[in-house]
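Engineer: A single structure is presented below for examination.
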Amino acid sequence: MKKADCAGPIEFNLIYMQHTFKKGLSLTGLLKRLGLASFTWMASVCVSWAQSSLSDPCDSLVPALVGGAIPTAQSDTAVLRWLGNANYEIAYKGKVYLLDTYYDRKARSRSLGFTVPEVKKADLIMVGHAHFDHIADIGPVSVQTGARVVGSAITIETAKALGMPPSAAVEVQGGDQLELGELRLDVALARHSTIQNGLIEAYANLYKIEVRADTPEEAQKTRLVMSRGSNDPRIIDQGTLAYGLTFRNGFKLVIFGSAGPITPGAEQMAQKMGPVDVAIVSYQPHAVSERQVMETMPLVQLFKPKLLLPAHHDASFGTWIDLGLEPLFEKVREVSPSTRFLAPLYRSPICIATSGDRRGQVIQYTN
Ligand SMILES: [Zn+2]
């Protein structure tokens, strides 16, 4: 394993310092952070060397966040994995970027194949919004990885309450742009999806008819998981962010963890970024595909991705159901024929070229 494989998050610390400096961090704070930066870097190098894996990241079901192989800084392959709900990891150029941290899920959820205490590697975490099914495990995950956590004011407030160290916080708002080493991160104020009256009750009734009720232990577990988040109503139009990632070689990716209506912020981001290589877009919560396709497709059409990866389409036991992706993909084939798509399985590596003629194409997918 080359040293570059385990480059630590020092670059992130330095850039983050610039960011916080702009926001008025004191000299004392800066010195403290410098100390933390070198410590974090040393720790990261040691841990990465110890975890060194010779396996091919494109042929492994072990996510990078639990120590799986990460493409080297020299590689132009990005490895994406869907980790349930709107959780994705992007392992690229020696670093691990996470979208959301909801791994310890409601009772009776299908297993993701790893547990929260096993999560140890992330450089940057982008949280879409502060509902429990996006943020629940941010406390332990931010502590165990030492990653910076990007989010709206409501998200950061919630993350701190869930145990995230305040020093990890990178509070952003729509229109912000951060330079993070290899990555330029654009932030847009998005809008959370909303549901019509009666839908939640209809889903609950469906579960009641189809399966047994929770045992008291299961009900307790679900209550606990659901308490790890915020129900602040401002999340809908003030706390939900979309992220646009542009890497140094031009590889571009956008992330919409909730499929609400297009906002001015999303339009501005689309104008700034142009057509993207990859769009990760939520496909939930409407049970009838005709309705959900109407919600997700405008975002796909706005960013014209070469590759569409769906998110959030799996069941949240007792509330949402697993949605079939074919109606969405058939609509994409009809109205955006140059967009490819893929139905991911938890932990399966989706290897994408980030340069050359094949940029944005899946070059390997192992299920
Ligand atoms: Zn939500």
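Engineer: I'd like to check something: does the stretch 181-202 contain any residue that is in contact with a Lys or Arg (Cβ under 9 Å, 6 or more places away or on another chain), modelled with pLDDT under 95 and surrounded by 14 or more Cβ atoms within 10 Å (Cβ to Cβ)?
Structural biologist: Checked against the condition, which is being in contact with a Lys or Arg (Cβ under 9 Å, 6 or more places away or on another chain), modelled with pLDDT under 95 and surrounded by 14 or more Cβ atoms within 10 Å (Cβ to Cβ), the stretch 181-202 yields at least one hit.
Engineer: What is the number of the single condition among (1) closer than 18 Å to Gly84 by Cα; (2) within 18 Å of the chain's Cα centre (by Cα); (3) of a type in the set (Gly, Ala, Ser) that Ala266 does not meet?
Structural biologist: (1)
Engineer: Picking from Val278, Val300, Val335, which residue would you name as being of a type in the set (Val, Ile, Thr), surrounded by fewer than 17 Cβ atoms within 10 Å (Cβ to Cβ) and at pLDDT 95 or above?
Structural biologist: From the options Val278, Val300, Val335, the qualifying one is Val335.
Engineer: Looking only at the stretch 229-259, which residues are surrounded by fewer than 20 Cβ atoms within 10 Å (Cβ to Cβ) and either within 16 Å of the ligand (Cβ to nearest atom) or modelled with pLDDT under 95 (or both)? Even if it seems obvious, please write down each step before you answer.
Structural biologist: In the first step, residues of the stretch 229-259 are kept if they are surrounded by fewer than 20 Cβ atoms within 10 Å (Cβ to Cβ); the result is 231-234, 236-238, 248-250.
Listed by number, the residues that qualify are Asn231, Asp232, Pro233, Arg234, Ile236, Asp237, Gln238.
Engineer: Determine whether the stretch 157-168 contains at least one residue that is more than 16 Å from the ligand (Cβ to nearest atom), at pLDDT below 95, more than 21 Å from Asn231 (Cβ to Cβ) and over 18 Å from the mean Cα position of the chain (by Cα).
Structural biologist: Looking through the stretch 157-168, none of the residues is more than 16 Å from the ligand (Cβ to nearest atom), at pLDDT below 95, more than 21 Å from Asn231 (Cβ to Cβ) and over 18 Å from the mean Cα position of the chain (by Cα).
Engineer: Taking into account only those residues within the stretch 260-275 that are hydrophobic (A, V, I, L, M, F, W, C) and surrounded by fewer than 23 Cβ atoms within 10 Å (Cβ to Cβ), which is farthest from Gln196 (Cα to Cα)? Steps first, answer last, please.
Structural biologist: Kept after step one, since they are hydrophobic (A, V, I, L, M, F, W, C), are these residues of the stretch 260-275: 262, 266, 269-270, 273.
Subset that is surrounded by fewer than 23 Cβ atoms within 10 Å (Cβ to Cβ): 262, 270, 273.
Numbers: Ile262: 18, Ala270: 28, Met273: 33 Å.
The selected residue is Met273.
The values are calculated or read from the model by the stated rules, or taken from the named source; none is laboratory data. The structure displayed is predicted, hence computed values, not measured ones. With ideal geometry, Cβ positions are generated from the backbone for all residues, glycine too; neighbour counts draw on all protein chains shown.
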